[in-house]
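See structure below.
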Amino acid sequence: MLNYENDPLLLENQTANFLISKKKDDLLFLDKNKGILNIFSAFVKMNDFVKKDKIVQPLQTTLYAKISKDLADELNKRCNSTKQVRGLISNYTKKRTNCNVDKWFKLKVFPLIFLRIISKDVNELSRWVLEIDYLTDYLNKSRFYVPKKIDDLLDNKLIYFVGCSVGDGHIDKAGKRWILVDGSSDNRRLEQSRDFIYNLASLLKNYIKTYTISEHKTKYVLNVNNKSLCRFLNFFFSLPYGAKKNVTLKVPLILSYSRNNLEKYFWRGMFDTDGSAVQNHSVDLCSSDKNILKECTDFLKKLSINPKVSMIGVRVNNSDLKTFSHVGFAHPRKQIEFLSSLKQGPKFKVSRIIPGMEKKISSDLYKIHEFLRVDNSNNRIRINATEIRRSNLTFDDVKEIIKNNFGYEFKITSKNLHYFKSKKVASFLRSRFIYEPAWKAIEEEEEDQLLISWNDVWRKC
């Protein structure tokens, strides 16, 4: 007989990331076509049946479902008596119960475990999931309008919200409260934090109806007391309970089921919370989690961005800012700061080979041409030390190539600036390379287009 100890759908702390990585992703769905989400495993946990104290009963800790009238009528026809229902519940929970079955049918609110027990098989349970209106607690106070299909789950706004949650969001250790804080000591910037928090709250309206926003001297706090939301974020997107420092943060693997490019929305949320558009014309993401920094680096490289990586963060340099606009920001303050850099344009030039000159450049010179900058006025050839450090070459390698090709040795003038002067060498390089801005500064029309693209997470359907 089915009970909580032998139920194959009842999991402990496994999340979607774990199940997918272990090739057990069938547990994420209730149907063979992998279209209907496994609501039972997501919201009913083994912990619900572990005796915590003498008062709390399994039916008080597990979650309930508000169902359609048609399904309620179907369940009513299948149940012979209240005694039968209580017996089934007692057998499953291994604990005697005096549950108010009549109230369940009157309100059309049933424990998820009852739907599991009374269903003939998983296929029938998958059909019943589609008849769920919302999830709630045993007192029927909280509401969570749960996505029931994978296509509903893979929504750009929801994925953006998840990115924000992985960044600055937090689920308490008990798994009952989600919270996110944003603020500034500057009054103008604080107003922008307020706009961000209220915008973020608007994304929750499709899933919950109750939340609070509290205003403090230097911050705004978005707070949601909803056990269903917490379990939802934990199971499908692997958001941890409690302190993030105790876990490894990862991009939700469930994004792999999307036919659209949703990963940029996750990272937009991450950069909106843990990121910044800094004054020296770069974009930073800071985190103490090494894995999330690695995954961020991998994502940026797929966009042809070569970021600078440190122990505490990832930096998108000035030369790649235009490319990063594919991700962008939805946070009002960071939008303004990032757009300011894009409108000013790049801080330096890059070298590109003149078409047709490829064969007139030695292979070793080709290796270092991106490091060379030729001044127009004084025939000075500068070597960008920062670019060298981002490559697989060393200073000695570059020095040797320049010496072999031109017979010159460059001088060290500062931490990141090395150079030599030669009219002959400068003319040679100008005849083979174009020195131009790394990207073109945006104008008003492009700015408007970017804002439309970045703000699509706030757009009402």
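Values quoted throughout were computed directly from the atomic coordinates according to the rules given, and no laboratory measurement underlies them. These numbers come from a predicted model, not from an experiment. All Cβ positions, glycine included, derive from the backbone under ideal geometry; neighbour counts span all protein chains shown.
Between the range 126-170 and the range 264-308, what's the alpha-carbon centroid distance in Å?
27
Would the range 231-324 count as rounded, prolate or oblate if I go by the C-alpha gyration tensor, calling it rounded below 1.5 in a/c and otherwise prolate when a/b exceeds b/c, oblate otherwise?
Note, shape of the range 231-324 comes out oblate.
Below 8 Å between Cα atoms, with a sequence gap of 6+, how large is the relative contact order for the range 313-461 in percent?
In percent, rounded to a whole number, it is 34.
For the chain, what's the relative contact order in percent, using C-alpha pairs closer than 8 Å and at least 6 residues apart?
Relative contact order here is 12 percent.
I'd like to compare 115-123, 63-71, 76-84: which one has the highest average count of other Cβ atoms within 10 Å, and what's the full order after that?
63-71, 115-123, 76-84
So for C296, C164, C230, fewest C-beta neighbours within 10 Å to most, what's the order?
Ranked by crowding around the Cβ, least crowded first: C230, C296, C164.
Lysine pairs in the range 349-437 8 or more apart or on different chains: how many have alpha carbons under 15 angstrom apart?
9
Please compare each pair in K45/K173; K32/K209; K83/K141; K69/K149 to a cut-off of 25 Å on the Cα-Cα distance and tell me which ones are over it.
Table pairs above 25 Å Cα-Cα are K32/K209; K83/K141.
Determine the relative contact order of the range 1-116: mean sequence separation of Cα pairs under 8 Å and six or more apart, normalised by residue count, in whole percent.
Relative contact order for the range 1-116 comes out at 29 percent.
Taking square-rooted eigenvalues a ≥ b ≥ c of the alpha carbon gyration tensor, is the range 349-437 rounded, prolate or oblate, where a/c under 1.5 means rounded and, failing that, a/b exceeding b/c means prolate?
In terms of gyration-tensor shape, rounded.
Please give the helix 82-93 orientation as an angle from the longest Cα principal axis of the chain, in degrees from 0 to 90, rounded to the nearest 10.
40
Can you give the angle from 0 to 90° between the axis of helix 444-454 and the longest principal axis of the chain, with both taken from C-alpha atoms, to the nearest 10?
30
Could you give the angle, 0 to 90 degrees to the nearest 10, between helix 227-237's Cα long axis and the longest principal axis of the Cα atoms of the chain?
Taking the Cα atoms of the chain, the angle to 227-237 is about 50 degrees.
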